[in-house]
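Novice: Got a structure here, written out as structure tokens. Questions coming.
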Amino acid sequence: MEHLEQKISLIKIRLAELLARKESESVRLELFWIAHEIDEMLGIKSEPDEPVPSTSVRPSPSVLTSDGRPTFARSDRNLILVVDEDADQRAYLCKQLADEFDVVEASTGGEAWEMAVSLNPDIVISDVLLSVIPGDELCRKLHDSVETSHIAFILLSALSERENIIYGLEAGADDYITKPFDTDILRTRIHSILRRRQHLREEVVAMNGRPERLEYKTQLDKDFMGKVFRIIESQLSNSDFAISDLCYELAMSRSSVYNKIKTLTGKGPNDIIRILRLSRAKEMLSRRPYPIAEVSAKVGFSDPKYFSTCFKKEFGVSPSRISDIL
């Protein structure tokens, strides 16, 4: 009883401080958490005030792949996976993000792991205290797998000690935000992560298959892209080389290869193969005027006319005139 009275006293102090402040999103969020704490102390199981919008916030997907994994059709918006055992806090956060992102949710670390592997979200936003797999361990697990190391991760936690934050960041988290937090700040952190990713995508494509100096999110990502480009280079003149061959060489499933390359470059594997072939053709033609048919064959195009069409579409000039503008 004494412990309960002390906790209520602290809550009253926090409420008094909030009432003295100008109302903002952070105030509303903190009031939400305070109300939830009171409900917990009184043994009340509360429900969200409003239903979660079904158009943007998606519950744990009910459609399964052949191997039993959840899936759904992706839109052109970024996908965020929200992980929290507290249904109210999870629903609140999903609702706040649903106007701008596609959102899916998980209540345990184990469920979140399966969904991350299957759905390839752009960002996972997870509480630290989860059952099955704690949030920081989930982050480490995703960070250490080549199939998921490209997925950005934000840890949310009421654990605000310096050691907790350091441990979370060492697990591979892109950011660590302590509760309570302002959702506008969270949005800013999300946009910062997405901008960095877009900048990296542009650099990867601009480097034309020589990304050694780029700063990837993880060493696994850097090694993966290096291997992708080496494999394509080794098959440059093979016109039959396709994504299925690339997947075989990488020893990864087609969906895993597609998801990872698409996330890291903004392009599909076939686009990357084509861009690299054309970039090497441009290098050859810039050194000396090779016959178009010869260059076409060297970079895996069996039809010189089709090669010329693709080349002009990529660089804005026909291969026969590339030396004039270099």
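What follows draws every value from the coordinates through simple rules; no lab data is involved. Computed from a predicted structure; not experimentally measured. Here the Cβ positions follow ideal geometry from the backbone for every residue, glycine too, while neighbour counts run over all protein chains shown.
Novice: Using modelled backbone amide H atoms (1.01 Å from N, in-plane), which distant-in-sequence or interchain residues come within less than 5 Å of Val82's amide H?
Specialist: Under 5 Å from the amide H of Val82: Val104, Glu105, Ala106, Ile125.
Novice: Could I ask something else about it? Sort Arg321, Arg201 by Cβ crowding within 10 Å, fewest neighbours at the top.
Specialist: Arg321, Arg201
Novice: What ranking of Val124, Val228, Val146, Val132 emerges when the number of other C-beta atoms within 10 Å of each C-beta is taken as an exposure proxy, fewest first? Don't skip to the answer; put the middle values down first.
Specialist: Values: Val124 27, Val228 24, Val146 17, Val132 14.
The order, fewest Cβ neighbours first, is Val132, Val146, Val228, Val124.
Novice: Regarding the stretch 250-324, what's the average projected area of the Cα-atom convex hull, expressed in nm²?
Specialist: Result: 5.7 nm².
Novice: For the residues Glu170, Glu314, Glu147, what sequence is obtained by ranking on other C-beta atoms within 10 Å, fewest first?
Specialist: Glu170, Glu314, Glu147
Novice: Quick one: if you stick a label point 7 Å off each Cα along the C-beta vector at Arg213 and Arg287, how many nm between them?
Specialist: 2.1 nm
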